[in-house]
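Here the structure comes first, spelled out in structure tokens, and everything after it is commentary.
Each reported figure results from applying straightforward, stated rules to the coordinates on display, with no laboratory input. Remember, predicted model here, so these are calculated numbers, not experimental data. Backbone-built Cβ (ideal geometry, glycine too); neighbour counts: all protein chains shown.
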Amino acid sequence: MKKRQGLRILMLLENNPYPQDSRVRKEANSLTEAGYAVTVICPRKAGQPRREVINGVSVSRFPAPTGGEGFIGYLWEYGFSMLAMLVLSWGVLLRGGFDTVHAHNPPDTLVVIGLFYKLLGKKFVFDHHDLSPELFAARFGREEGGTVIRVLRFFEKLSCKAADLVIVTNDSYKEIDMARGGVPGDRIVIVRNGPSEKFMKGHDPDPELARSASTILGYIGVTGYQDGIDYFIRALSHLVLDLNVTDVRAVIIGDGDALDSLKALTTELILDDYVWFAGWQEGDRLLELLSTADICVAPEPSNPYTNRSTMIKLMEYMSLGKPIVAFNLNEHRNTAQDAALYADPNDELDFARKIAYLIDNPANREELGQAGRKRIEEQLAWPHQARQLIDGYQTAIAKRKRNQV
């Protein structure tokens with residue numbers, strides 16, 4: 001691939017460490033392989049050094065803020081992180097410099113750092129991972145017209161207006177950024193959360209988990225209050241108690257702030273023998289557990305956030321050839337298409353019925369799994385998305401920079 005000499009990118013990542021954030025890791029690696037110089041500023045996970053180089057990507061880390069929950073906790077986290085990122089960015093500027101600030105939301109307030117550097121002639125890229133106003137409303141149950149929602153929409157719009165390039169995960173986000181953010185369509189590029197090559201390779205199943213029940217149900221992802229795992233647990237209760245499907249076990253892979261309440265709900269519904277909370281897993285162990293699942297689930301309930309958002313778990317399931325049960329959401333259908341059975345939105349009993357149907361129909365499970373795998377290979381795998389990313393940078397950033405010289 002032809003080298004893009006001279007373009008140096010500073011990536012800002014607040015809500016995950018690096019390289020643990022899979023989307024940011026894939027983008028940084030792809031840009032580095034294309035010849036760009038990439039530095040990532042992010043929070044530090046326990047045991048990680050303050051600075052290191054990973055596969056050619058320079059990483060500078062700040063101490064992850066601790067303490068505080070709910071809205072006040074988020075204010076403290078974002079305020080501390082913004083200051084730390086600004087300080088570390090000065091160090092990057094002095095050591096080797098950068099031409100472009102690439103901000104991964106949330107939070108959308110990272111645009112403040114981007115605007116500061118635009119005054120110094122830098123470009124700004126807004127990588128729109130999440131709809132922050134809708135995510136906040138789903139997470140905290142706030143009204144759409146509340147003060148916080150209005151502030152979040154202000155920073156979202158400011159991010160869109162300031163951006164030389166906007167990167168989105170799907171068509172719904174593109175439509176929102178054009179309508180709500182006023183971004184011309186030619187300044188937006190869709191880069192989906194395509195699964196990495198490790199998911200395409202798969203893994204041998206976990207024999208102990210496979211022996212624990214005739215059917216293993218799999219979930220991977222954050223265990224947050226907005227992720228719908230409580231819907232899945234209640235659907236499992238319907239499956240066991242109402243539909244009399246008892247030779248089944250669910251493995252929930254992930255961690256998050258709702259984990260304790262989810263465990264309490266599982267105990268309350270007398271499902272402890274049917275659910276295993278496997279915690280956060282990575283690498284081969286993650287693939288081993290997920291490869292054992294016979295059916296995978298995407299239980300996000302219908303709301304303004306989930307209806308428009310693409311869940312990477314769907315593509316990870318599809319890359320492993322797993323049949324999926326999901327609620328009938330717009331972007332779930334756009335992503336999985338013929339790889340899933342879709343339950344009526346937020347109907348836990350119907351979700352259970354769809355699982356029961358697939359348990360009784362192994363041929364249909366195989367058909368769904370093959371359809372998903374084919375869609376990944378032909379359209380959604382990361383190499384396809386990496387080309388979109390590089391083309392977007394080349395068109396919106398690199399060419400503009402050359403024209404200004």
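Some notes on this structure:
- Annotation for Asp284 and Thr147: the two label points, set 7 Å from Cα along the Cα-Cβ direction, are 5.4 nm apart.
- Contour minus Cα-Cα distance for Ser261 and Asp247 (0.36 nm per residue): 2.6 nm
- Residue order, fewest to most surrounding Cβ atoms within 10 angstrom, among Asp227, Asp344, Asp247, Asp350: Asp247, Asp344, Asp350, Asp227
- Using the rule -39500 (n - 2.57) for each DSSP H run of four or more residues, divided by the residues of the chain, the 222 nm mean residue ellipticity is -13000 deg cm²/dmol.
- Full extension of the chain segment joining Lys161 with Leu115 gains 15.5 nm, where the gain is 0.36 nm per residue of separation less the Cα-Cα distance.
- Put a dot 7 Å past the Cα of Glu175, heading toward its Cβ, do the same for Arg387, and the two dots end up 2.6 nm apart.
- Note on the chain: with a GNM built from Cα contacts shorter than 10 Å, the maximum mean-square fluctuation among Gly256, Gly228, Gly181 falls on Gly256.
- Violating pairs (Cα-Cα greater than 21 angstrom) within the set Lys45/Lys122; Lys157/Lys313; Lys123/Lys198; Lys123/Lys157; Lys161/Lys313: Lys45/Lys122; Lys157/Lys313; Lys123/Lys198; Lys161/Lys313
- Placed amide H near Ile54: partners under 5 Å, 5+ positions off or other chain: Val59
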